[in-house]
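The values are calculated or read from the model by the stated rules, or taken from the named source; none is laboratory data. Just so it is clear, the structure is predicted and the values come from calculations on it, not from any experiment. Positions of Cβ are backbone-derived with ideal geometry, glycine not excepted, and every protein chain shown enters the neighbour counts. These area figures cover heavy atoms from the full protein model, side chains too; ligands, DNA and RNA do not enter into them. Shrake-Rupley method; radii C 1.70, N 1.55, O 1.52, S 1.80 Å.
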Amino acid sequence: MQYRNIVILTGAGISAESGVATFRDNGGLWESHRIEEVATPEAFAADPILVHNFYNMRRAQLPTVQPNDAHKALARLERELNGKCTIITQNVDNLHERAGSESVIHMHGELSKIRCEACKSIHLWEIDCLTETPCPNCEQAALRPHIVWFGEMPFYMDDIYGLLRSCDVFISVGTSGNVYPAAGFVSEVRRLGNAHTVEVNLEPSEGTSLFAECRHGKAGDLLPKLVDEILRLN
Ligand code: NAD
């Protein structure tokens with residue numbers, strides 16, 4: 001089967017082999033923190049110093065980790081496919097871009113950006129951000145990580161549902177199927193069209209039974225093979 005319009009949903013599992021911690025694999029902890037402590041608007045309101053420090057550490061980790069074979073395989077797929085290939089990622093790291101992928105939608109935001117709550121401007125950001133750091137645009141000390149926290153609306157949802165509607169294969173990689181709305185995308189694909197659906201994950205995810213095809217194991221082993229198969233037919 002030739003595919004001309006591929007949508008790939010990625011989650012924390014695709015970056016695990018690069019040394020970036022997932023949180024479902026650590027009993028609901030993300031780098032030793034409970035999610036409610038660092039990834040909700042309420043947590044930021046209660047303790048902005050702790051939350052800024054948490055994301056400062058995650059941002060500082062980025063230059064120390066490298067894209068792995070799974071990120072590289074997806075970049076090759078985009079480069080060599082005779083068609084359209086879009087990554088929708090729940091990840092806030094920049095490993096897809098650093099592997100060479102260009103069509104990447106960060107539905108949960110990006111560590112390498114910061115946003116001003118006062119003037120709404122968004123800035124590329126590589127250094128630490130503190131509660132007193134002034135916004136480069138309006139100079140108010142109202143910066144927050146450009147991250148979608150639990151309880152907030154993910155970005156680009158209209159674009160994403162358009163992509164789910166029009167794809168001819170939907171591949172989910174390294175995501176536990178616990179975090180909505182991403183966990184519901186496979187059902188949307190099935191409801192909206194006839195696309196083939198594939199899960200690539202270390203273990204069966206919560207939504208594994210919703211996929212037509214499942215491949216379980218490490219993304220760094222499985223994705224290069226899957227990409228070879230798709231490109232051979234293309
Ligand atoms: P998750 O942590 O809930 O689940 C990760 C899944 O990946 C698990 O099912 C696990 O079995 C699988 N996995 C682990 N290692 C793997 C490997 N080598 N190959 C294939 N699969 C592997 O992640 P999620 O579903 O993406 O939800 C977590 C949320 O936390 C996301 O919204 C994301 O924003 C955030 N988060 C992001 C990062 C990141 O940017 N790298 C890291 C941690 C958490």
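Restricting segment 196-214 to residues that are open to solvent by less than 20 Å² (accessible area, probe 1.4 Å) and away from the ligand (no atom under 12 Å from the Cβ) leaves a set whose member that is nearest to residue 25 (Cα to Cα) is 198. Considering only residues that are open to solvent by less than 40 Å² (accessible area, probe 1.4 Å) and either at pLDDT below 95 or not in a helix (DSSP H, G or I) (or both), which ones fall in segment 215-230? Listed by number, the list holds a single entry, 217. So, in segment 17-61, of the ones that are more than 27 Å from residue 197 (Cβ to Cβ) and of a type in the set (Asp, Glu), which residue ends up nearest to the ligand (Cβ to nearest atom)? Looking at residues that are more than 27 Å from residue 197 (Cβ to Cβ) and of a type in the set (Asp, Glu), I get 31.
If you go through segment 68-84 and keep only what is away from the ligand (no atom under 13 Å from the Cβ) and open to solvent by 10 Å² or more (accessible area, probe 1.4 Å), you end up with 72, 76, 78, 79, 80, 81, 82, 83, 84. Checking each residue in segment 29-56 for being among the small types (Gly, Ala, Ser) and either open to solvent by 30 Å² or more (accessible area, probe 1.4 Å) or over 20 Å from residue 178 (Cβ atoms) (or both) picks out 32, 45, 46. Looking at 6, 14, 87, 105, just one residue is closer than 24 Å to residue 187 by Cα, within 8 Å of the ligand (Cβ to nearest atom) and not in a loop (DSSP other than H, G, I, E, B), and that residue is 14. Of the residues that make up segment 87-100, is at least one farther than 30 Å from residue 228 by Cβ, in contact (Cβ under 8 Å) with a residue 60 or more places away in the chain and of a type in the set (Asp, Glu)? No: segment 87-100 contains no residue that is farther than 30 Å from residue 228 by Cβ, in contact (Cβ under 8 Å) with a residue 60 or more places away in the chain and of a type in the set (Asp, Glu). Looking at residue 193, is it away from the ligand (no atom under 16 Å from the Cβ), modelled with pLDDT of 95 or more and either open to solvent by 20 Å² or more (accessible area, probe 1.4 Å) or among the hydroxyl-bearing types (Ser, Thr, Tyr) (or both)? When the stated conditions are applied, residue 193 does not pass them.
Can we say residue 117 is farther than 25 Å from residue 229 by Cα, within 13 Å of the ligand (Cβ to nearest atom), at pLDDT 95 or above and of a type in the set (Asp, Glu)? Can you show your working first?
Numbers: farther than 25 Å from residue 229 by Cα: yes; within 13 Å of the ligand (Cβ to nearest atom): no; at pLDDT 95 or above: yes; of a type in the set (Asp, Glu): yes.
So residue 117 fails the test.
In segment 169-182, of all residues being outside any strand (DSSP E or B) and modelled with pLDDT of 95 or more, the one that is farthest from the ligand (Cβ to nearest atom) corresponds to 181.
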